[in-house]
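The values are calculated or read from the model by the stated rules, or taken from the named source; none is laboratory data. Quick caveat, the model's predicted, so the values are computed rather than measured. All Cβ positions, glycine included, derive from the backbone under ideal geometry; neighbour counts span all protein chains shown. Remember, those area values only see protein heavy atoms, side chains included, never the ligands or the DNA or RNA. Shrake-Rupley method; radii C 1.70, N 1.55, O 1.52, S 1.80 Å.
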Amino acid sequence: MGIGRPREDRRLTGVLAMALAVAFFTCIDSSAKWLILAGLPALQVVFARYLIHFLLALVVFLPREGLAALRSNSPVRQVLRSVFLLGSTVCNFAALKYLPITVTTTIMFAGPIAVTLLAIPMLGERVGLRRIAAVCTGFLGVAVVMQPWGAAFHPAMLFSLGALTLASLYFVLTRILAGIEAISTQQIWSAGLAALAILPFVPGGWVWPEGGTDWTVFLLIGAFGAAGHIAATEAHRLADASLLAPVVYLQVFLAALAGILVFDTWPTVWTLCGGAIIIASGLYIWRRERAQLRGAKRSGP
């Protein structure tokens, strides 16, 4: 089966699409925090997020690709990837009940750093001492945000660490499946399996949203998820991943803005300092990977 539409070289459009995806991802976290604070169980919010995403993915991809979009070339890896994504979302939404969006978002920014570390045993990638040092520095930034040595530490930060670890495993598997699996198949499987896995735990404690605002947010959270992933997919079709990688750091500013405007929560100095360390480390790793890729292209046939 095919693996999606052909690549195009439209860098500016790709960067703008990635920025839009990041905005949608911020909307997911903001919606989840809003609904959980409104009294909806975290698992129910996770279920709504993935069920609506799954239905929208079917509407978008089935007319274009037919039943081929449902067939996986690597079902075991798809299931494992979906489990990692679901686990990451559950942990993240659980953390959002107690932590500001800026804190959870900043910790998750260590994802590319963790992926660099996991790529050594899982992908067989060679990582030099400089990138190892950058990885260590990035995790130091996570420690600055969490402050495990002080009274500001909240146990819910452990949920964020779990979300970070599982999301990193998800992204490593996404790399493995690149070129093997169609983007449409990855989206349909990940959202559908997540909704199916969480379904047995939802009906017993179901809580209906109250009021128009809660209902609107409840219905939109899955739409934000689908739109974000579709926008990110299009971005990677229009521009190289090495160009798009730094765009994700836009989310720290969007998360801070959402925290201030929606939840009246301002980021702390520790969060800002730790975030700066994490972003600097991530950008260094990105530059090293991009330079390595350019060198490989120059030395290639």
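For the chain, which DSSP H helices look membrane-span-like by this rule: Cα extent along the axis of 18 Å or more and mean Kyte-Doolittle of at least -0.5? Write down the numbers at each step before the final one.
Values: long enough: 11-37 (39 Å, 1.45); 42-65 (34 Å, 1.49); 75-96 (31 Å, 1.06); 129-146 (26 Å, 1.72); 157-177 (30 Å, 1.77); 183-198 (23 Å, 1.11); 211-238 (40 Å, 0.65); 250-263 (19 Å, 2.51); 269-299 (45 Å, 0.09).
Helices meeting the span and hydropathy rule in the chain are 11-37, 42-65, 75-96, 129-146, 157-177, 183-198, 211-238, 250-263, 269-299.
At 222 nm, what helix-only mean residue ellipticity would the chain give, in deg cm²/dmol to the nearest 500, using -39500 (n - 2.57) for each DSSP H run of four or more? Intermediate values should be presented prior to the final figure.
On the way: 12 runs with 226 residues, N = 301.
Roughly -25500 deg cm²/dmol at 222 nm, from the helical runs in the chain.
What is the distance, in nm, between label points placed 7 Å from the Cα along the Cα-to-Cβ direction at F253 and at L140?
Each label point is offset 7 Å from its Cα along the Cβ direction, giving 2.6 nm.
Using the alpha-carbon centroid of each, what span in Å lies between the range 155-206 and the range 264-292?
A separation of 24 Å, based on Cα centres.
If you average the sequence gap of Cα pairs under 8 Å that are 6 or more apart and divide by the length of the chain, what percent do you get for the contact order?
Numbers: 413 pairs, mean separation 127.2, N = 301.
This gives 42 percent for the chain.
Give me the number: length gained by fully extending L12 to L196, i.e. 0.36 nm times residue separation minus the C-alpha to C-alpha distance, one decimal in nm. Could you put the intermediate results ahead of the total?
Values: separation 184, 0.36 × 184 = 66.24 nm, distance 3.74 nm.
Extending this stretch completely gives an extra 62.5 nm.
Only Cα pairs under 8 Å and at least 6 apart count here; give the relative contact order of the range 1-131 as a rounded whole percent.
On the way: 34 pairs, mean separation 36.3, N = 131.
After rounding, I find 28 percent.
For the range 26-70, compute Rh as the Kirkwood radius over C-alpha pairs and then the Stokes-Einstein diffusion coefficient at 10 °C and 1.306 mPa s; write the answer in µm²/s, rounded to an integer. Could you put the intermediate results ahead of the total?
Details: Rh = 11.9 Å.
D = 134 µm²/s.
Please express the shape of the range 104-187 as an equivalent ellipsoid: the semi-axes are the square roots of 5 times the eigenvalues of the C-alpha gyration tensor, given largest first in whole angstrom.
Working: eigenvalues 145, 62, 12 Å².
Equivalent-ellipsoid dimensions as semi-axes: 27, 18, 8 Å.
Can you send over the carbon and sulfur percentage of the accessible area for the range 22-135, probe radius 1.4 Å, protein chains only? Please list the in-between numbers first.
On the way: 3330 of 4670 Å².
For the range 22-135, the apolar C and S fraction of the accessible surface comes to 71 percent.
Averaged per residue, what accessible surface does the chain expose to a 1.4 Å probe, in Å²?
Working: 14560 Å² over 301 residues.
About 48 Å² of surface per residue is accessible.
Radius of gyration and Dmax for the range 1-102's Cα atoms, expressed in Å?
Both quantities, over Cα of the range 1-102: 16.5, 46 Å.
So what does the Cα-only Debye profile of the chain read at q = 0.10, 0.15, 0.16 Å⁻¹, as log10 I(q)/I(0), no solvent term?
Ignoring solvent entirely, the Cα scatterers give -0.55, -1.29, -1.47.
In nm, to one decimal, how far is the A152 label point from the A38 one, both placed 7 Å along Cα→Cβ?
Spacing of the two 7 Å Cα→Cβ label points: 3.1 nm.
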